[in-house]
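Only one structure is covered here, and it is reproduced in the block below.
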Amino acid sequence: MKLTLTNHNFSTLLNSSFINLTRPFCSLSLSSSLSSSTSIKPQVPIFLRPPIYSTKLNDLKKWHNWAKNIAFSIGSSFVQSDNGPDSTILCRELKWFIEDVVENHHSLFSQVGDDNEKVKMRADIEELYCLWKQRIEERKPFQYIVGCEHWKDLVLSVQEGVLIPRPETELIVDLVSDVVSKNEGLKRGVWADLGTGSGALAIGIGRVLGDGGKVIGSDLSPVAVAVAGYNVQRYSLQDKIELREGSWLEPLKDMEGKLAGLVSNPPYIPSKEIPVLQAEVGKHEPRVALDGGIDGMDALLHLCDGADLMLKPGGFFAFETNGEKQCRELVDYMKSNKSASLCNLEIFADFAGIQRFVIGFHR
Amino acid sequence: MSYYFLRRRSLRITTTTFSSFLSKLVGNLSDSPSPTLFSCRHLSHALPFFSSTWLSRDAYSHGLLSPTQARFWASQPAAAEHSTSDGLTIQGILAKNWPILDENDSDWKSHASAIAQSIHLIKRRLQWKKLKVRLDMLSAQLNKEDLWDDPVRAGKINREHGSLLGKMKEVNGLERELLDDIEMIKLAREENDSELELESMKALLNMRVNAKEKELEALLADEQDSRSCYIEVQAGAGGTESMDWASMIMQMYKSWAQRRGYKVTVMEEMPGEIAGIKRATIKVDGEFAFGYAKAEIGVHRLVRISPFDSNKRRHTSFAAVAVIPNLGDESSSVQINESDLRIERFRASGAGGQHVNTTESAVKITHIPTGVTATCQNERSQHQNKASAMAVLQSRLNQIEMARQAQLNAQHTQSLTDITWGSQIRSYVLHPYRMVKDLRTNYEVSDPDSVLEGDLDGFIMSYLSASLDKNEDDA
Ligand SMILES: C[S@@+](CC[C@H](N)C(=O)[O-])C[C@H]1O[C@@H](n2cnc3c(N)ncnc32)[C@H](O)[C@@H]1O
């Protein structure tokens, strides 16, 4: 799985005429995805790199105009083909791109200012051309371009091989925050985030737990574990969050019946829908993070067993699903197979009104 | 040497005022229900203040006074009219109508006349009579025993009282200073002390400049004026034409705000299908942003040859502007119940979740009981968009509440509340002639470009002064 992904990237890199392979950043991204699981070095997001490049304001404006024109030329063609971004969204991304790259980005848009003035940047101007082309021509997700995603009040590092956390998932942290605010015991207990990806949920929850509260984040993907580790460190939560590599419950054998809470946003897209996903998702995000088997329920059903097995009495769980159908199937499954252990089942909608989460408690 | 002697002499006025203040205070104490306990404690607290020349208004604004102490200070009404030893008063100076000469002309009468006129204007702008009535009313409330049963309301009353009293003190201070300086010049002449005369003349000139500045400050004397604000622009009927105009107006405010050194953040923006914007909201952060921007509320009209009309016809477009003060998380803001809110993903479509990767995470919050909504889309996470939209919603609800209260007790502050979408305030003509004219003040300029590039201060100042100065007999 991981190898095919790498090969795909590699060939695109070779085929794209605009990429100069001698550019350091290209070799960096190559080496990191080829290296073995133990020595994975997470990429540093652009906004955290030192501003060691310097460019004439004029050249930066030229690039900006070029990039803006491309964004405008897209119109709504991506929307029509696969519900992708329109030019309004692309223009906003461009603005954020500049915020991340240019040290003093306000100067770029003020009318006054000498065009020969130098601006300090965190990436080389040629790299900017290269990256924006990747955004438009390859439909590489904006978050992989800048290497980060703003999620809740966090800025999480992401890179190819790790799912970009979704806005919907933020709500799980709110649900947990509600629960622990009413229950000191859960607030100081051990929680688990299975399939932690970038570590978003683990970090979000780690920050709402009280003294003594801990989170174990686990993932099958070594890239995910490395990136999650990087993010945990950035928020100085090493003491509160532990990361383990392995499949679902396997790395948590020592925690049976001990967890105060269990959350997961597992892969839940039905396999047959994978080929028709929006290009940013289908072509760039890891399949292992998306594909939930024939009806998308493989991991979710497995996690029900996990909740039964791992939670202590009174423990809380929250799972994200594909929508109303999966929510209902999941609740039905729990009612008919787990009613001895799981109770107070509830379905929660996201802000788009789609029934998205199943929550409940261990008896 | 004689300078110091004189200074002491002129202090006499202050002392008189002070003793009447003291007798008031004592009188007040004897009225108090539990005189012993109450008066002793507070008198001893209050005494250190007595030793300073006058109750400093800073004691209020810097929070040196406790609410209960404030109760006593509050009962001190404005001082009686001051006069020099030979009976000259501010009214007297005004009545003399001494000609006002250039600042460089060392003529004390000219300076005095200019200062007296500034003071007069400042009083008018502060709506002096209403201010006194309001201050008395607030003082009466501060003296009520049950005041602190409702700490939020008490805090509000205390704050407003402090700020009004401060303004009153400042003006009274100006009046006293003017009379003191005049007295000193007269004395210097009597005693042929040319050094002192020069010095006093300098003091008078300083004061003249200072008073002129205060005239401007008095334009922004409302409680909310110093706040940051939100500016909202909405395109009128007429499709692309007006949407383009709305975005030109928005650009004008962005540039204006930047010129003034304010920070501008785009909160929401609904682009038009072909060009321009349907509506947009920006946040303008900085001192007095609201005080100035409130002058822009209303409908703005544009006449030009349309760039969207292939027949090159003349078109008229409209855009409406609303301005809302940002009250921050002050205790006086309206309480919002979480259960009264509906939060929706803005422009959501499709399956969502893992299916979709989008950087668009705007949310729309509806306050169900009032139907008021707010949207924010400029932030990079849904969480932050929600937080910013909540702030906008809070400001809108506060605004509505302020309007309601202003109607209830017909407050002296000019309330801005009903967003006057109906009333046209300014006309921008690009063709057949070029002119921008304010329909409220008739202020006009013949260079629309400079105005659209943000040179708005002329319009704003003339409107603010006109709206405050029109009431002649208020002072
Ligand atoms: C939809 S992503 C969610 C990532 C992250 N929790 C979030 O919400 O952004 C699913 C995650 O589950 C991981 N995963 C897939 N199969 C797994 C397995 N068998 N055991 C553990 N993790 C797995 C993927 O690597 C991916 O990181």
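General remarks:
- Subset of region A:261-285 that is within 13 Å of the ligand (Cβ to nearest atom) and open to solvent by less than 10 Å² (accessible area, probe 1.4 Å) - its residue that is farthest from the chain's Cα centre (by Cα): A:LEU262
- On the stretch given as region A:231-248, residues that are under 13 Å from the mean Cα position of the chain (by Cα) and open to solvent by 20 Å² or more (accessible area, probe 1.4 Å) total 0.
- Residues in region A:204-224 that are without any contact (Cβ under 8 Å) to a residue 60 or more places away in the chain and under 23 Å from A:VAL288 (Cβ atoms): A:GLY204, A:ILE205, A:VAL215, A:ILE216, A:GLY217, A:SER218, A:ASP219.
- Subset of region B:371-390 (residues that are assigned to a strand (DSSP E or B) and either over 14 Å from B:GLU232 (Cβ atoms) or hydrophobic (A, V, I, L, M, F, W, C) (or both)): B:VAL372, B:ALA374, B:CYS376
Each row is one residue, and each column tells you yes or no for (1) part of a helix (DSSP H, G or I); (2) under 28 Å from B:THR89 (Cβ atoms); (3) not small (Gly, Ala, Ser).
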{"residue": "B:GLY155", "(1), (2), (3)": "yes, no, no"}
{"residue": "B:ARG159", "(1), (2), (3)": "yes, no, yes"}
{"residue": "B:LEU164", "(1), (2), (3)": "yes, yes, yes"}
{"residue": "B:LYS169", "(1), (2), (3)": "yes, yes, yes"}
{"residue": "B:LEU174", "(1), (2), (3)": "yes, yes, yes"}
{"residue": "B:ASP181", "(1), (2), (3)": "yes, yes, yes"}
{"residue": "B:LEU187", "(1), (2), (3)": "yes, yes, yes"}
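- With respect to the conditions (1) touching a helix residue (DSSP H, G or I) at 6+ places or on another chain (Cβ under 8 Å); (2) crowded, with 23+ Cβ neighbours inside 10 Å, B:SER194 falls short on a single one, namely (2).
- Against the list (1) within 14 Å of chain A (Cβ to nearest Cβ); (2) surrounded by 20 or more Cβ atoms within 10 Å (Cβ to Cβ); (3) among the aliphatic types (A, V, I, L, M), the condition B:ILE324 fails is (1).
- Checked against the criterion of being of a type in the set (Phe, Trp, Tyr), within 27 Å of the chain's Cα centre (by Cα) and farther than 23 Å from A:VAL158 by Cα, region A:73-87 contains one or more residues that satisfy it.
- From the list B:VAL363, B:VAL284, B:VAL303, the one residue that fits, being modelled with pLDDT of 90 or more and within 14 Å of another protein chain (Cβ to nearest Cβ), is B:VAL363.
- Look at region B:243-257: where a residue is within 15 Å of B:ILE425 (Cβ to Cβ) and a partner is open to solvent by 20 Å² or more (accessible area, probe 1.4 Å) and in a helix (DSSP H, G or I), sitting 6+ places away or on another chain with Cβ atoms under 6 Å, you get B:MET252/B:LEU452.
- Only one entry in A:TYR230, A:TYR235 is touching a residue at least 24 places away in the same chain (Cβ under 8 Å), aromatic (Phe, Trp, Tyr) and more than 15 Å from the ligand (Cβ to nearest atom), namely A:TYR235.
- Being more than 16 Å from the ligand (Cβ to nearest atom) and crowded, with 23+ Cβ neighbours inside 10 Å is a property that A:ALA318 lacks.
- Sole exception among (1) in a loop (DSSP other than H, G, I, E, B); (2) touching a residue at least 24 places away in the same chain (Cβ under 8 Å) for B:ASN192, by number: (2)
- A:LEU252 vs. criteria open to solvent by less than 10 Å² (accessible area, probe 1.4 Å), outside any strand (DSSP E or B), in contact (Cβ under 8 Å) with a residue 40 or more places away in the chain and within 13 Å of the ligand (Cβ to nearest atom): yes
- Residues in region A:310-342 that are over 28 Å from the mean Cα position of the chain (by Cα) and assigned to a loop (DSSP other than H, G, I, E, B): A:LYS338, A:SER339, A:ALA340, A:SER341.
- Scan of region B:363-394 for residues that are in contact (Cβ under 8 Å) with a residue 60 or more places away in the chain and of a type in the set (Ser, Thr, Tyr), ordered by number: B:THR375, B:SER388
The values are calculated or read from the model by the stated rules, or taken from the named source; none is laboratory data. Computed from a predicted structure; not experimentally measured. Using ideal geometry, Cβ is built from the backbone for each residue, glycine included, and neighbour counts are taken over all protein chains shown. Surface accessibility is based on the protein's heavy atoms, side chains included, excluding ligands, DNA and RNA. Shrake-Rupley method; radii C 1.70, N 1.55, O 1.52, S 1.80 Å.
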